[in-house]
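**Q** I'd like to ask some things about the structure below.
Bear in mind that the values in this text are calculations on the coordinates, not laboratory data. If you're wondering where the values come from, they're calculated on a predicted model, not measured in any experiment. So basically every Cβ, Gly included, is an ideal-geometry build from the backbone, and we count neighbours across all protein chains shown.
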Amino acid sequence: MGFSNPNGDKPDSIGKLGILDNNRTIISEPVYDDVRPEYDSTILVKQGQQWGVVNNQNETLLPIEYQAIDIITSTFSLVKLNNRWGVFDLQEGELILPIEYDELEYLSLTQINARKNNQWSIVDI
C-alpha cells in the first residue's frame, strides 16, 4: 500500500514543516508551510502561498514562486504563474513550454494538450 498526498491545505495549527530523509536525517529545518513528496527525489514545498520543488538534499529544482505545481513525471512539471500554465523540465532546469496557457493536460512523455484563447491543441514537449 502506497501513500497519497492530501488534496487540501495543511492545517495552520501544525506549524512549519521540515524534511527528513529515509534514515530520519534532517535535510531541512522546519521552514515550509507544506511539504509533499512526489517522484523519486522530488518534493513539493510551499512557503506562504507559493510553491517550489526541492530534491532530497533540499537543493532547489524550482524556486518557490509559483501559484501551483503539478509534477507529472520525475522529469516534467506543470507550473502556474500569473494564472497561466507552462511546462518545466526538472532535470534540465529550464522551461520547455512557455507559461502562457490557460490550461494544460498531460498526454504522454512527449505531448501536452494545451488550451490557449479557448482553443485546444496538442503541443510537443
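**Q** Pick out which of SER77, SER108, SER41 has the largest mean-square fluctuation in a Gaussian network model of the chain, springs linking Cα atoms closer than 10 Å.
**A** Highest fluctuation among the options: SER108.
**Q** Please check: in the Gaussian network model of the chain (C-alpha springs, under 10 Å), which one of LYS46, LYS16, LYS80 has the largest mean-square fluctuation.
**A** Comparing LYS46, LYS16, LYS80 in the GNM, the peak value goes to LYS16.
**Q** Please compute the modelled spin-label separation between GLU105 and ASP124, points set 7 Å along Cα→Cβ, answer in nm with one decimal.
**A** Each label point is offset 7 Å from its Cα along the Cβ direction, giving 2.2 nm.
**Q** Rounding to the nearest 20 debye, state how big the charge dipole of the range 72-125 is about its Cα centre with +1 on each Lys and Arg Cβ and -1 on each Asp and Glu Cβ.
**A** For the range 72-125, the charge dipole is close to 200 debye.
**Q** Once you've got the GNM for the chain with C-alpha springs shorter than 10 Å, pick whichever of ASP89, ASP21, ASP70 has the biggest mean-square fluctuation.
**A** Maximum among the listed residues: ASP21.
**Q** On to the next question. Near the amide H of SER28, under 5 Å away, which other amide H atoms are found, from residues 5 or more places off or on another chain, if H is placed in the peptide plane?
**A** Close amide H contacts, sequence-distant or interchain: ILE19.
**Q** Suppose every K and R has +1 on its Cβ and every D and E has -1 on its Cβ; what is the size of the dipole of the range 16-124 about the Cα centre, in Debye to the nearest 20?
**A** 280 debye
**Q** Enumerate the lysines that LYS16 could reach by cross-link, defined here as Cα to Cα under 27 Å, with residues fewer than 8 away along the same chain left out.
**A** LYS46, LYS80
**Q** Of GLY48, GLY93, ILE112, which is farthest along the charge dipole of the chain in the positive direction, counting Lys and Arg as +1 and Asp and Glu as -1 at C-beta?
**A** Of the candidates, GLY48 comes out farthest on the positive side.
**Q** Between the range 89-125 and the range 29-49, what's the alpha-carbon centroid distance in Å?
**A** That distance is 23 Å.
**Q** Okay, moving on. Determine ³J(HN,Hα), in whole Hz, for all residues of the range 108-116 in sequence, where each value follows from phi through the Karplus function 6.51 cos²θ - 1.76 cosθ + 1.60 and θ = phi - 60°; x replaces Gly and Pro.
**A** 7, 5, 10, 9, 10, 8, 10, 10, 9
**Q** Here's another thing I want to ask about it. In 5 Å bins starting at 0, how do the alpha-carbon pair distances of the range 16-124 split up by percent?
**A** Result returned by the calculation: 2, 13, 23, 22, 17, 11, 7, 4, 1, 0.
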